[in-house]
Every structure is written in C-alpha cells, then in structure tokens.
Ligand SMILES: *Cc1c(COP(=O)(O)O)cnc(C)c1O
C-alpha cells in the first residue's frame, strides 16, 4: 500500500489515543512519560481540564469570523502578551515560521524607511526559524536548505554568541537593519547565549539602529522559567516572535513589536485568513492564564533545576557525556557522538525524548511536570545514556 501522507517525517512506530498531564497512552494501552511535549507545544500537558473547557466553550460560540472584523479574544490575548512582554502590539498567525516571516517583513519595511535599498537581516549559525523559503534561508542549517535553492536574498550570517563578529558586520555592511536570533537555540542543540550577551547586543543594535528581533517560538511561554527567555536579562527587544507553547496544542503564533517596529505595518502590508481566530486565541488565553494561576513558570524554573541537577549527578562522570545545559524545562544533554538510537530505546522504556543536532538529547517536558515525574524521567533516561556510553567505550 502506498502511503498517502507525504513522507516529510521519519515517524516512530507508535501513535497515541489519549493523554493526561505528562502521560500519553498508545493504541495498545502502553503509557509513556512525555518529555518532549509535541516539540515544546503541550505546555499544559495533555487534556488540561481548563484548556479543554475553554476550547469547548469557544467552539460552541464561534470558530472563525476573519480579520475583516473585530475579534474579542484576539484583542484580549494581545493585551495579555503585551503586558507580559513589555511590547506594544501583536500580529497573530498560525505557526512559528509565519511569526518569523512577519518579523522579517517588519525588518525590511524598517530598512526601506531608513533608505536602505537592500535591507539585510543578520542571522546565526545553527539557527532554526522554520520551513518557509525566507525562514529556511534564515536558518543556519544546510540540511534545512539543501535542494531549495535559490534561497532568499537579504540575510547575512554570524557565529552564535560572538559579539565581535557582529561588530565586524556592523563595520562592513551598511545594508544591515536588523538581527534575528533565538535566545537559546532549540533545534541547533540547546545552545545558550553567554551571560551578558544580550546586553552587549542591545547596545550594538542601538548604536547602528538595528532592530533586535528574538525568535522565542520555542523558548517563550514559560518554557525557560520566565515568560520570555530575554526576561532572564535586562534587555528589551524590538520584536519578539512566539508560537509552540502559546496555544497548548492549538496552532497559533504571534509577532510582538515595540516602539518604531510596532508602527510599521499598515492595512494591506500583511495579513492572514486564519491568524488570531477566536478558537486559537481562546486556547492562548487559557494557556496564559494557567501559566500564571498555576504558577507554571515558577514550576518550570524549579523542576528544570531539579532535572539538570539530577542529570548532572548521574551523568557528570560518565565518559561520552559532554554537558547538560539549558534553562528551565528546556534541557539538552550533549553526547560525544551521534545518539539517535536513544529515541527508540527511550520509547521502548516508556519515555518520549528527542535528539537534535545529532548528538544532543533534548528534553522539553510539559510545564506541569511534578517532582516525582522529573525523578522518573531521570531514572528512565540515565540508564539508557549510561548504557549507550558503555557500549561506545567498549567498541
Ligand atoms: C519550531 C520553531 C520554529 C518553526 O515553527 P513552526 O510552527 O514549525 O513553523 C521557528 N523557530 C524556532 C526557534 C522553533 O523552535
């Protein structure tokens, strides 16, 4: 039989029937601890009662009316996100890539306003910004780009976390009008910016009138132990993009902007049929409320610390384990060699994990994970990594 779904993914041989909290149940009734949350999406875990109720209520009222009209939930979610981020306004879309597209379009409008004919956005090595043509061009991975040339013009690349490389670009390229980066690279392998980097970058952006645009698609919505990851610093960006966790599983993305960047889009410059519809925004509002009411951002911080401490304790002296790093519940374990086989081994052991950048075990559990569940995660994962390391050592 031919597969009628295009083969864009190598799928694991499992599918799930339902879930509750951090647990998923497959069609054979086997339980799995979900430590990847559908790639950082299920921030409230599975079947969160209040999220479910608010989606159900909204579905019974109104699904969609389009952006030709006022959308009350969209306005309410924009108010919340602006209050939480310090940004001035929001554009809603349906995915992370679309949010970044909006940011890139803002950067180009901003460049033209400054009389730059070929506005250029600085992007990072190891970045991931999505799969549309502009966002795959912005991504710093040949795997994402290969076969899709010609790529989009108007990007220039720099090493991640290297301020002097950026100073050089500023000196030599007067077409630059903005920089787009992830505060912690997700797909790139949980790469954390050096302390103080965002402050230095803010100063550089101010000096050269660049927009500082942060891709918080993965790091946003409480994931790292602050609502947005830049809030670990004192810096205010000009543009913030988020998606993944924002809808708790409903597709929604947002591009937030402040100051001059918030004034650039005028009617006709940008749009979306589905973006910001009443249902998606009801989910977004439920997530934002639950993050605050259930103290889930604090939980991400505390459980993240427990996770990193526990992993370091068990794996710190294991040969073949390079580092454990991350912030909050965005954690990577870098191993000395490709370790994709761990995903299937974890699946067999009832644990859902992911490996990114070939050598980094990535953990993005739901923000509702409790102390016992973090311990179970550590107790299930560590023997697999110890075994992986022992086999590699013996070979
Ligand atoms: C997942 C991700 C994207 C792309 O989001 P989609 O919703 O898949 O388009 C963009 N940027 C970052 C940092 C991501 O993690």
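The values are calculated or read from the model by the stated rules, or taken from the named source; none is laboratory data. Since we're looking at a predicted model, the values are computed, not measured. Don't worry about glycine lacking a Cβ; one is built from the backbone with ideal geometry, like all the others, and counts go over all protein chains shown.
Residue 165 meets all of the listed conditions (1) closer than 26 Å to residue 304 by Cβ; (2) in contact with a strand residue (DSSP E or B) (Cβ under 8 Å, 6 or more places away or on another chain) but one, namely (1).
Got at least one residue in region 113-123 being away from the ligand (no atom under 16 Å from the Cβ), closer than 22 Å to residue 213 by Cβ and assigned to a helix (DSSP H, G or I)? Checked region 113-123: at least one residue is away from the ligand (no atom under 16 Å from the Cβ), closer than 22 Å to residue 213 by Cβ and assigned to a helix (DSSP H, G or I). One residue is enough: does region 184-191 have a residue meeting the conditions more than 16 Å from the ligand (Cβ to nearest atom) and not in a strand (DSSP E or B)? No, every residue in region 184-191 fails to be more than 16 Å from the ligand (Cβ to nearest atom) and not in a strand (DSSP E or B). Residues that are touching a helix residue (DSSP H, G or I) at 6+ places or on another chain (Cβ under 6 Å), within 29 Å of residue 367 (Cα to Cα) and more than 11 Å from the ligand (Cβ to nearest atom) within region 199-221 comprise 212, 213, 221, listed in sequence order. For region 31-45, the criterion of a residue being farther than 22 Å from residue 367 by Cβ and at pLDDT 95 or above is satisfied by no position.
The set of residues in region 168-183 being in a loop (DSSP other than H, G, I, E, B), touching a strand residue (DSSP E or B) at 6+ places or on another chain (Cβ under 7 Å) and more than 16 Å from the ligand (Cβ to nearest atom) consists of 173, 175.
Show the residue pairs meeting these rules: Cβ distance below 7 Å; 6+ apart or different chains; first residue within region 54-66 and in the same structural domain as residue 248 (by TED's automatic domain parsing); second residue exposed (fewer than 14 other Cβ atoms within 10 Å of the Cβ). Taking only residues 6 or more apart or on different chains, the pairs are 66/273. Restricting attention to region 124-157, the residues that are at pLDDT below 95 and away from the ligand (no atom under 14 Å from the Cβ) total 2.
Of all residues in region 42-88, those satisfying the criterion of being surrounded by 14 or more Cβ atoms within 10 Å (Cβ to Cβ) and assigned to a loop (DSSP other than H, G, I, E, B) are 42, 43, 44, 45, 47, 48, 62, 67, 71, 86, 87, 88.
Residue-wise test of (1) surrounded by 20 or more Cβ atoms within 10 Å (Cβ to Cβ); (2) within 16 Å of the ligand (Cβ to nearest atom); (3) touching a residue at least 60 places away in the same chain (Cβ under 8 Å).
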position: 230; (1), (2), (3): yes, yes, no
position: 233; (1), (2), (3): no, no, no
position: 242; (1), (2), (3): yes, yes, yes
position: 253; (1), (2), (3): yes, yes, yes
position: 265; (1), (2), (3): no, no, yes
position: 273; (1), (2), (3): no, no, yes
position: 276; (1), (2), (3): yes, yes, yes
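A single member of 160, 91 is surrounded by fewer than 23 Cβ atoms within 10 Å (Cβ to Cβ) and within 16 Å of the ligand (Cβ to nearest atom), and it is 160.
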